[in-house]
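Novice: This is the structure, below, for whatever I ask next.
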Amino acid sequence: MRRKSTGRTATAPKSSIFQSPVFNFSTIAILGGVFVLGIGIGIAFSSTATFSPSNVASREFIDTKAPNPDICVQYGASAMVMDTRLFVTLNPFNVYVAQPSMRPGCVLRTNNWAILEQRKLVTGEQVRECKNRLNTFGYTGDLNEKPNIDCIYQNEAAKNFFITQPGAVAPPIETERF
């Protein structure tokens, strides 16, 4: 003989990880916030920490290593200068690159060239030639000793691919003209 069903079924409550008091939504939100904060602090620390000369990760480190850092930061911008030599053969056509050398340098703004003229490091003729070509001066070495000064050209066609957004429609904002 069969028993009649009363319409009630005895079911055990399903346990869920989200229903347990240990893992409720506020706990998950707090753990997610701590995780994101930890990643942010880690990125900030690793990008500004400079413990050795092999880690040049900040503008402040480059500013302190520039020749005459007080003059350079006040009247221009510190720079990393790369010297390299290229050898080109024509028959057969080949290009060879020598090992580059990196050293600290400084780029002066055009309205601050008087510093170089006052110290008699450039002549009036050099200033005129550089100004006629809409260039500026850059140097390596201490200004009080024998610096290597060049009339340098600002290449506005060079792009900073670290800040270029893929798919961006607006043109990049121009940097400060020296």
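Novice: For Asp83, work out the one condition from (1) within 24 Å of Asp63 (Cβ to Cβ); (2) surrounded by 16 or more Cβ atoms within 10 Å (Cβ to Cβ) it doesn't fulfil.
Specialist: Single failed check for Asp83: (2).
Novice: If I ask for residues that are among the basic types (Lys, Arg) and in contact (Cβ under 8 Å) with a residue 12 or more places away in the chain, which ones from the stretch 132-152 would you list?
Specialist: The answer is Arg133, and nothing else.
Novice: Answer yes or no: is there a residue in the stretch 103-113 that is more than 23 Å from Arg59 (Cβ to Cβ), in a loop (DSSP other than H, G, I, E, B) and assigned by TED's automatic domain parsing to the domain that holds Thr64.
Specialist: Yes: the stretch 103-113 contains one or more residues that are more than 23 Å from Arg59 (Cβ to Cβ), in a loop (DSSP other than H, G, I, E, B) and assigned by TED's automatic domain parsing to the domain that holds Thr64.
Novice: If you don't mind, there's one more thing I want to ask. Could you give me the residue pairs with C-beta distances under 8 Å whose first residue belongs to the stretch 112-131 and is in contact (Cβ under 8 Å) with a residue 40 or more places away in the chain, whose second residue is surrounded by 16 or more Cβ atoms within 10 Å (Cβ to Cβ) and among the hydroxyl-bearing types (Ser, Thr, Tyr) wherever it lies, and which are 6+ apart or on separate chains?
Specialist: Cβ pairs passing all conditions: Ile115/Tyr75.
Novice: While we're looking at this one, here's another question. Since Ser78 meets every condition but one in (1) in contact with an Asp or Glu (Cβ under 7 Å, 6 or more places away or on another chain); (2) over 30 Å from Ser58 (Cβ atoms), which condition does it not meet?
Specialist: (2)
Novice: Still on this structure: Which condition breaks for Val97 when tested against (1) under 16 Å from Gly76 (Cα atoms); (2) modelled with pLDDT of 90 or more; (3) of a type in the set (Val, Ile, Thr)?
Specialist: (1)
Novice: Among the numbered criteria (1) touching a strand residue (DSSP E or B) at 6+ places or on another chain (Cβ under 7 Å); (2) surrounded by fewer than 10 Cβ atoms within 10 Å (Cβ to Cβ), which single criterion is violated by Leu90?
Specialist: In the conditions (1) touching a strand residue (DSSP E or B) at 6+ places or on another chain (Cβ under 7 Å); (2) surrounded by fewer than 10 Cβ atoms within 10 Å (Cβ to Cβ), Leu90 misses (1) alone.
Novice: Quick check on my filter: what residues within the stretch 95-150 are on the phi > 0 side of the Ramachandran plot and surrounded by fewer than 16 Cβ atoms within 10 Å (Cβ to Cβ)?
Specialist: Once the filter is applied, which keeps residues that are on the phi > 0 side of the Ramachandran plot and surrounded by fewer than 16 Cβ atoms within 10 Å (Cβ to Cβ), the stretch 95-150 yields Lys120, Leu134.
Novice: Here is a follow-up. If the Cβ limit is 7 Å and pairs must be 6+ apart or interchain, which residue in the stretch 92-109 that is closer than 19 Å to Asn148 by Cβ pairs with which residue that is of a type in the set (D, E, K, R)?
Specialist: If the second residue must be of a type in the set (D, E, K, R), the pairs left are Ala98/Arg85; Pro100/Asp83; Ser101/Asp83; Pro104/Lys65.
The values are calculated or read from the model by the stated rules, or taken from the named source; none is laboratory data. These numbers were taken from a predicted model, which means no experiment stands behind them. When we count neighbours, we look across all protein chains shown, and the Cβ atoms used for this are built from the backbone with ideal geometry, even at glycine.
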